[in-house]
Structures are given as C-alpha cells and as structure tokens.
Amino acid sequence: MSAATVNIAIIGAGLMGREIAAAIQRWPALIDHPVRPRLTAVCDINPAALAWFDEIDTVTTKVTDYHELLADPTIDVVYVAVRHDLHERIYIDVIEAGKSLLAEKPFGIDQSAAQAILAAVEANPQSFVRCSSEMPFFPGAQMAINYVRSGALGTIVEARNSFLHASDVDVTKPIGWKRQNKFCGEAGVLNDLGLHTWHVPLRLSWAPDIVYGVLQNIVTQRPDQDGALVDCDTWDNAVLHSWATHDGVRFPLTTETKRIDPGQKNTWVFEAFGLDGGVRFSTKNPKAVEIFAVTDVPGAGREQVWQHIDSGSQSVWPTVTGPNFEFGFSDSILQMWAAFLAERAGQLGDRFGCVTPQEAAATHGIFRAGIESNDTGTATAPLR
C-alpha cells in the first residue's frame, strides 16, 4: 500500500510534544496505514526545550516563533500543546493558515474561546481539526464502547466515566500554570483533564440535559519558585452528576475528574450497566474487560454472571504487535494519531475517532454548568 507523506510540526516542546514526537517515530508499527507522517519542525518559546528534538533527524526546523511554522508551505499538520490561555489565538492562527490541527484539550480556556475557535473551524473547511484525548484508544476501552453500542445492555440504568490522578497529593509540590485560574481557566481540573471523561459519553450521544456539580479546591496554597506560599485557586477535583438519555430513556451519568485521588496515578475508568448487561474497563488493569450478563445457569435458573476477557494489544488501527501482548499509554498516543491522520485522509471509516471541535466546545458548557451548580447547590442545565 502506498502511503501519502504528511509533514508534522509541533508547537510546545513539553511532555506531550515529546510524547507525540516519540509516537511518530514508531509509525512503522502500524499495518497498512494510508499516511506516513514526518516530524519536520518544532517550536517553543524556550530554546533549551528544543534540544531534545536533536535526536530526531527528520526535524530540520526549530524556532521560537510559531508564525514561522505557519508560513512554511511544506507543513501540513500542526500539533499544539501550550497553556490554555494561549489556545484561542494560536489555534485560530493555525486554522486560518490552512494547516490541519490536532489541538490539546480543553480547546480554549473557556466557552467563549472555544466558540471562537469553532467559528474559525467552520469558516475554514480546508483545515481538518480534532482535539486530543487518547485514553479511549486502549483496546479494553474500545471493547467496552462497542459492547454498549451493540445494545447488549438493554435499558441503561447508569454509567460512569472517570479520570483519576494523585499527582497533587504532595502539598509541597510547587505551583504551576495548571494550578492558576488565569492560565488554566476557571474550570480548573475540568479544563486540564475533563475531556478524558467526556469523549466517550459524548461520542455515545450522552450529552447531559442537567448537571449537578461537586467541586473541591483542596490545596489552596502552594510554594512558588522561591518557596513563598501563593494562592492555588483552581479546582483540584470535580464530580459531575448528570442526567443523559439513551434510546429515549434517561439515566444517571457520573463523571469524575480528579488530581487528588489518593491511591491513583493515571487511571481511566468506564462502566455502564443496563437491565440486560453491563461492562467495566479500567486502565489500572489494562488487559481486563469485565462483561456482565443475565443468563440461564444449569441447575440455578436465571443468574447474574460476570465474565472476564483479556483485550490484548489491538485497538483502532492494527499493529505488528501480536494480539496477546500488552498495551500502554504510548500505544494509545500512537492509536490516536493513527485515527486522526486516517480520518483526515478520509479513510477512517466507522472506526472510533478523535474528539471533534463540536464535542470539545460542548464540554465547556458542561463544565460551566458544573461550576454554577456547585456554587448554587442546585442542578444546572449546560449552556449550548
């Protein structure tokens, strides 16, 4: 199969920029993908951060002004991972330059910014735009999603999607931009990690019609670079209880987004239960998918039965890795990019895809409702 070459640029040479660069170097692991990406350019305002990319010999351009990348006609796709307060300007500039964009969450610091980016997307259809959310690309997550889609659950009783960290349990951890509203946004942890908990519900058409938010700012001060305590004003944990609808029946949907959840590290959980069946998957045990069913048991009649299935390594796009091997975070990044570039090429088909601009923008209305609900103690409808 002849693969079309696509030149990639990265704006933001931090952790996720390096993860994306590493994933692109592993591209030959994908079988018969229609696209062959080449990382050719990187931008960061800190020149020292660019040195890491010296080991990638396809990178021929390293700059500190992203406008230089947008003026380069050889660049096809731009990945951007910067502070949330910079999203609106940079994303719109990328889109208006005619480049395709894989944007980092939350797709703007707030709903106004997200709507401005969405307007730019709609005005520039030549720019293919999606938002980053890699956790649903775990094979077990894909199995759970497909199980729900199959109708095996019957009437849905309840569902939950969670993203759980303990990264901020240490109260002496220095403050960073994600812990300050002026950079991260008023939604706090929801802006930082909330899209991980809403990608799957929104893709399953579970947009909530009412939200009840329970938010916590647990560590209110953290040391700055000089050791002085400064205000840490973002939400650390957010639980959103909501009503959603599946096949015309309302059911309670809970999402949990936490940076302070003792005992966790980077745990993504999805579970859904219905009258006829259920499914549960967690990255804490990434090969295991639990399937629940009501079935006839010889000698016992109708019983509730849990089954345990190992999901293996295969996700949205097949790889050379044998199906019996394990899957990890770096593999989910590779699969997300495989889906993004295949969809851009019009060859994703009915496979699971990345977050659309409309889905990303919708989360801001949900987050706003959660904040207002927490403030007033009453359930709130999301802003559309």
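The values are calculated or read from the model by the stated rules, or taken from the named source; none is laboratory data. Owing to the predicted nature of the structure, the values given are computational and were not obtained by experimental measurement. Quick reminder, even Gly has a Cβ in these numbers, built from the backbone with ideal geometry, and neighbours come from all protein chains shown.
Taking the criterion of being over 17 Å from the mean Cα position of the chain (by Cα) and assigned to a loop (DSSP other than H, G, I, E, B), the residues of the range 252-271 that qualify are Ile260, Asp261, Pro262, Gly263, Gln264. The residue list Asp72, Asp54 contains one member that is among the charged types (D, E, K, R), part of a helix (DSSP H, G or I) and more than 15 Å from Ala360 (Cβ to Cβ), which is Asp54.
Going by what's in this entry, would Glu303 be described as more than 14 Å from Arg26 (Cβ to Cβ), in contact (Cβ under 8 Å) with a residue 24 or more places away in the chain and of a type in the set (D, E, K, R)? Judged against the criteria, Glu303 is not a match. Selection of the range 66-90 for residues being more than 13 Å from Ala113 (Cβ to Cβ), surrounded by fewer than 19 Cβ atoms within 10 Å (Cβ to Cβ) and of a type outside the set (Gly, Ala, Ser) yields His67, Glu68, Asp72, Pro73, Thr74. For Gly299, the requirement of being assigned by TED's automatic domain parsing to the domain that holds Glu158, closer than 13 Å to Ala144 by Cα and over 21 Å from the mean Cα position of the chain (by Cα) is not met.
Checking the range 57-72 against the condition returns a match, with at least one residue being modelled with pLDDT under 95, more than 28 Å from Ser315 (Cβ to Cβ) and over 24 Å from the mean Cα position of the chain (by Cα).
Within the range 339-354, the only residue that satisfies the criterion of being closer than 18 Å to Ile117 by Cβ, touching a Phe, Trp or Tyr at 6+ places or on another chain (Cβ under 8 Å) and not in a loop (DSSP other than H, G, I, E, B) is Arg344.
If you go through the range 315-326 and keep only what is in a loop (DSSP other than H, G, I, E, B) and at pLDDT 95 or above, you end up with Ser315, Val316, Trp317, Pro318, Val320. All of Ile75, Ile109, Ile95, Ile117 fail the test of being under 23 Å from Pro47 (Cα atoms) and not acidic (Asp, Glu), apart from Ile75. The one condition from (1) part of a strand (DSSP E or B); (2) among the polar types (S, T, N, Q); (3) more than 22 Å from Thr380 (Cβ to Cβ) that Gln225 does not meet is (1). Say whether the condition of being surrounded by 18 or more Cβ atoms within 10 Å (Cβ to Cβ) and in contact with a Pro (Cβ under 7 Å, 6 or more places away or on another chain) is met by at least one residue in the range 33-49. Looking through the range 33-49, none of the residues is surrounded by 18 or more Cβ atoms within 10 Å (Cβ to Cβ) and in contact with a Pro (Cβ under 7 Å, 6 or more places away or on another chain). Residue count for the range 163-178, restricted to those that are part of a helix (DSSP H, G or I) and crowded, with 24+ Cβ neighbours inside 10 Å: 0.
If you go through the range 1-46 and pick out every residue that is under 14 Å from Trp337 (Cα atoms), within 19 Å of the chain's Cα centre (by Cα) and not in a helix (DSSP H, G or I), you end up with 1.
Do we have any residue at all in the range 91-108 that's surrounded by 23 or more Cβ atoms within 10 Å (Cβ to Cβ) and among the aromatic types (Phe, Trp, Tyr)? Yes: one or more hits.
Among the residues in the range 60-70, are any touching a Cys at 6+ places or on another chain (Cβ under 9 Å) and either at positive phi or aromatic (Phe, Trp, Tyr) (or both)? Looking through the range 60-70, at least one residue is touching a Cys at 6+ places or on another chain (Cβ under 9 Å) and either at positive phi or aromatic (Phe, Trp, Tyr) (or both).
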